[in-house]
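Working notes for the structure below.
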Amino acid sequence: PRLAEHRHALSSVCENARCICGALVLAVGLLLAGAACLCALEGEAEVQASERAFTMQTKLRSELSPQTYGELVAGGWWTEVDADLTSTRSWSMSHWNRPVLFAFTLSSTVGYGNAALRTDLGRAFAMAFSFVAIPATIAVSMFVAANVTSAVQVILLSLTHPSAATFRKYDIDGSGALSKWELHAALQDMGLRHTTERVADLIIHHLRPKGDHLNFAQFCHAVSVVLPPKVEAQHHRARVVAAAAACIAWLAIGGAIFSHCEGWRMDESLWYSWITLTTIGLGDFVPRTPRGELTAVLWGTTGLGLLAMLMSTISEKIAEVASLEDPEDEDEPTDSELCELRVRHLLRQSSGLLALSSRSSVSRMRPASARSLQSSPSRLWASAPSGRSEAEASLLSGNTVR
């Protein structure tokens, strides 16, 4: 029964997981393509450089005493070259994990400095590849962060809010989506009395769902932008805690994996995980084993999205706190206008889409009032006029009404 109660939430979370996996597959495919091109451009030059280094090593061994040669190697003046040149090649798709790791350092701007390009064509391609791969990696990271945020939001609302039951109640045809009219009726049924049909239309326009119908994840997002500030603040704190916990857990997972694959101490693995996740890339620790290099690519690509989610969630709170005190205005808008303004502000902030013209609701207000309300979304509810019903007063105080 509990699974049936939250089947829409489970379906939405599974869809988010599929989107995340698809984005990671595209990211790895881009890195493989870049690595193959770099191998084609740098492979021959690397073979020639390795042959010259091996010839020089043979000459040093023959002309120097074993003690002197050992001092050169121990002091870092000379790095020994393996007789089997193919086993130490960095630019060969037979050892594809190495060029893929280098491509990842280009796209994520980590830059360990453990490999270098020898040819002008290789450097030119690396510049062009970075020009494409860096924004692509940013897009993948933000896409992963958005899907993780959506999944967390769906889970929180389905467990702590009657969203799942209401969605199922108004999903009469069982299609897993609500129309604008069904959305309006569902929000009204949940006690969100200020959500007019125009607010429902704004939500659908900004979310841009297929066929103008909202799935459960989009419905949860709609609920989150019309919740009273106290309730929304509780969900926001929960999102910050969840994002921070995810990043800490991801660092710990990376530390354990790299400690096992590379033989590092746990503190060294955690240090490497941190400088990779934050794209500092000092290069004092770099994976050398095939398993460690492949793990670094997959772990780092996913971790960048988790860190972006945490930074985005914290920055939203900082931006809201920074716009607190505004002068009081004489002309106060109605509750429906307050709700509409808050929906516009939060949807613009969360989706990044251009805001619709607020001429119809703002033109009846003084310019200073409209400007102050849009800069501080929490005041959109706090400054509402008195005379509300008992249910509306309970809603605005943070207690949802069923």
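Points to keep in mind about this one:
- Residue within region 61-81 that is open to solvent by less than 50 Å² (accessible area, probe 1.4 Å), assigned to a loop (DSSP other than H, G, I, E, B) and under 26 Å from Ser92 (Cα atoms) present: yes
- Those residues of region 206-263 which are modelled with pLDDT of 75 or more, outside any helix (DSSP H, G or I) and either closer than 22 Å to Ile155 by Cα or among the aliphatic types (A, V, I, L, M) (or both), in sequence order: His213, Leu214, Asn215
- Leading residue by the ranking (farthest from the chain's Cα centre (by Cα)) among those in region 49-60 that are of a type in the set (Ser, Thr, Tyr) and open to solvent by 30 Å² or more (accessible area, probe 1.4 Å): Thr58
- Close pairs (8 angstrom Cβ cut-off, 6 or more residues apart or separate chains): at negative phi and in a loop (DSSP other than H, G, I, E, B) in region 273-289, modelled with pLDDT under 90 and open to solvent by 40 Å² or more (accessible area, probe 1.4 Å) anywhere: Val286/Asn114
- Subset of region 28-48 [open to solvent by 20 Å² or more (accessible area, probe 1.4 Å) and either modelled with pLDDT under 85 or not acidic (Asp, Glu) (or both)]: Val28, Gly29, Leu30, Leu32, Ala33, Ala36, Cys37, Ala40, Leu41, Ala45, Val47, Gln48
The values are calculated or read from the model by the stated rules, or taken from the named source; none is laboratory data. None of the values given here were measured: they were computed from a predicted structure. Glycine gets a Cβ as well: all are built from the backbone with ideal geometry, and neighbour counts include every protein chain shown. Just the protein is used for accessible areas: all its heavy atoms, side chains included, with ligands, DNA and RNA removed. Shrake-Rupley method; radii C 1.70, N 1.55, O 1.52, S 1.80 Å.
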